[in-house]
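Notes follow the structure.
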Amino acid sequence: MASVTFSTVNTCTSIGREKHTVVADMDGTLLRGRSSFPYFALVAFEAGGVLRLLFFLLASPIAGLLYYFISESAGIQVLIFASMAGMKISTIESVARAVLPKFYSDDLHPESWRVFSSCGKRCVLTANPRIMVEPFLKDFLGADMVLGTEIESYKGRATGLICKPGVLVGSKKADALKKAFREEQPEIGLGDRLTDAPFMALCKEGYIVPAKPEVKAVKSDKLPKPIIFHDGRLVQKPTPLIALLIILWIPIGFPLACLRIAGGSLLPMKMVYYVFWALGVRVIVKGTPPPPVKKSNTEQSGVLFICSHRTLLDPIFLSAALGRSIPAVTYSVSRLSEIISPIKTVRLNRDRAADASMIKKLLQEGDLAICPEGTTCREPFLLRFSALFAELTDELVPVAMVNRMSMFHGTTARGWKGMDPFYFFMNPSPAYEVTFLNKLPKELTCSSGKSSHEVANYIQRVIASTLSYECTSFTRRDKYRALAGNDGTVVEKPQLKANKVMGC
């Protein structure tokens, strides 16, 4: 019926809309998918863990039955309760800011976005909890107003119940629109189903978004703001089937991860490459690794391997590729990671003079690995390279690191970093690709008159070109402000040094 009353969105012109107001639904309209299950499942897992995800999965059939036989509102209320009841509001907000935007952006409808982005004022009406969708809609899609379902809280925790007027569906969307705009009539209304007709009828023009699964999502480079930083453990959007597989795999994957870690930690490094392959961890070596340098005097510097930074395991896979242990300098990894590490790790303290002295001393002892980005990045971008390393030696070998994971990310900005290696090795068949590039020529080093920043920027460009990545000027501080709401520092216990940087 709605498709007869309203024209389809592809007939809506997007020219000359700069002064117009658009009001759009979210699921099935701005997003291609009509189901909000995956996003509630993400909140359940990232905020509550695997047991909460299990509870949510068990409750979802009840939500489905209520949705189809009682009302859409009743089904959504069950999803909200199962995923959020008892959770800290601050945790839900953190997941909404750091985790959900990546998954939402991968499902953006091209036609809806064409119209939505052409308007000068943008409003979204959605049955989803406002707390869950607002960061993505405002920060990445430029929405000026988000009208969604409001959840109740008590002493900073979600009760799982809904505030009045309830879930925003049907006529309640129209009521919310009237309250927000009063006498003003928006120019465009976008929806995808019959229940959106009441609010679309209040707009001067209404357009329906037909369900077409074959429609390709908007490419990330078409968004006003690229998603460079994102957090969360799950690689894939958790559909009901994927959520079930995750729950069934974790009891198998964790012991397997412990076995893989034990194999890498307890056996000689020259055997680790083969042990990893036997345990399903693929190590792909490209380029020509430099041979060990036979030092003729104590002043001779070892090779400094300059690695792009994907996980804290980069130096370990570098060592596995070389067949020998290469010590690494770190920006404060967890104590657990240091204990189980098969290679020597040395913490930097962000004191430039002290760090430079420490690195020089380590280079006099032999080869060394460093990740000058200072923190990891999951997307095909390289963060700004710290230039300190270029001042300390001319023996520089760039190494392009790439990892592949199918189920879990091996990094986090919000969670306990001690679990990072376990999550990486819990993937069914994780992979690391280590590409050794040519040693930096003497004429491109600081000893030939180049500044340390010129050397660092050159190596960043070389690695980015090899990986087909994009260079950025973003830093560790930018990442942690975006994902964790801080500058990436943590105050440790009195017996430890304070203000260590959470970098790896």
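The values are calculated or read from the model by the stated rules, or taken from the named source; none is laboratory data. Fair warning: this is a prediction, and the values are worked out from it, not measured in the lab. FYI the Cβ positions are ideal-geometry reconstructions off the backbone, even for glycines, and counts take in every protein chain you see. In case anyone asks, the SASA skips ligands and DNA or RNA and just uses the protein heavy atoms, side chains included. Shrake-Rupley method; radii C 1.70, N 1.55, O 1.52, S 1.80 Å.
Tell me, yes or no, whether the range 66-83 has at least one residue that is crowded, with 21+ Cβ neighbours inside 10 Å and within 21 Å of the chain's Cα centre (by Cα). Checking the range 66-83: at least one residue is crowded, with 21+ Cβ neighbours inside 10 Å and within 21 Å of the chain's Cα centre (by Cα).
When we screen Val455, Val434, Val402 for residues that are in contact (Cβ under 8 Å) with a residue 24 or more places away in the chain, under 29 Å from Phe276 (Cβ atoms) and buried (at least 19 other Cβ atoms within 10 Å of the Cβ), the only hit is Val434.
Looking only at the range 205-230, residues that are within 19 Å of Ala482 (Cβ to Cβ), assigned to a loop (DSSP other than H, G, I, E, B) and either of a type outside the set (D, E, K, R) or at pLDDT 95 or above (or both) come to 7 in all.
In the condition set (1) buried (at least 18 other Cβ atoms within 10 Å of the Cβ); (2) more than 21 Å from Cys163 (Cβ to Cβ), Phe55 is compliant with all but (1). Can you confirm whether Arg52 is in contact with a Phe, Trp or Tyr (Cβ under 8 Å, 6 or more places away or on another chain), among the basic types (Lys, Arg) and outside any strand (DSSP E or B)? Yes, satisfied. If you filter the range 437-452 down to residues that are polar (S, T, N, Q) and in a helix (DSSP H, G or I), you find that the one that is most open to solvent (accessible area, probe 1.4 Å) is Ser447. Is it the case that the range 21-43 has a residue that's part of a helix (DSSP H, G or I), over 30 Å from Glu93 (Cβ atoms) and more than 22 Å from the chain's Cα centre (by Cα)? Checked against the condition, which is being part of a helix (DSSP H, G or I), over 30 Å from Glu93 (Cβ atoms) and more than 22 Å from the chain's Cα centre (by Cα), the range 21-43 yields no hits at all.
Residues in the range 464-504 that are modelled with pLDDT of 90 or more and of a type in the set (Gly, Ala, Ser) were compared, and the one that is surrounded by the most Cβ atoms within 10 Å (Cβ to Cβ) is Ala464.
Before we move on, is Leu318 in a helix (DSSP H, G or I), within 25 Å of Gly263 (Cβ to Cβ) and open to solvent by 30 Å² or more (accessible area, probe 1.4 Å)? No, not satisfied. Taking the conditions (1) open to solvent by less than 50 Å² (accessible area, probe 1.4 Å); (2) more than 21 Å from Leu244 (Cβ to Cβ); (3) assigned to a helix (DSSP H, G or I) in turn, Arg97 satisfies each one other than (1). Annotation: of all residues in the range 100-143 being part of a helix (DSSP H, G or I) and among the small types (Gly, Ala, Ser), the one that is nearest to His20 (Cα to Cα) is Ser118.
Just give me the residues in the range 254-291 being in contact with a strand residue (DSSP E or B) (Cβ under 8 Å, 6 or more places away or on another chain) and surrounded by 14 or more Cβ atoms within 10 Å (Cβ to Cβ), in sequence order. If the condition is that a residue be in contact with a strand residue (DSSP E or B) (Cβ under 8 Å, 6 or more places away or on another chain) and surrounded by 14 or more Cβ atoms within 10 Å (Cβ to Cβ), then Tyr273, Phe276, Val281, Val283, Val285, Lys286, Gly287, Pro289, Pro290 are the ones that fit.
For the range 159-168, the criterion of being open to solvent by less than 30 Å² (accessible area, probe 1.4 Å) and touching a Phe, Trp or Tyr at 6+ places or on another chain (Cβ under 8 Å) is satisfied by at least one residue. Of the residues in the range 238-250, at least one is under 30 Å from Gly148 (Cβ atoms), of a type outside the set (Ser, Thr, Tyr), open to solvent by less than 30 Å² (accessible area, probe 1.4 Å) and not in a helix (DSSP H, G or I).
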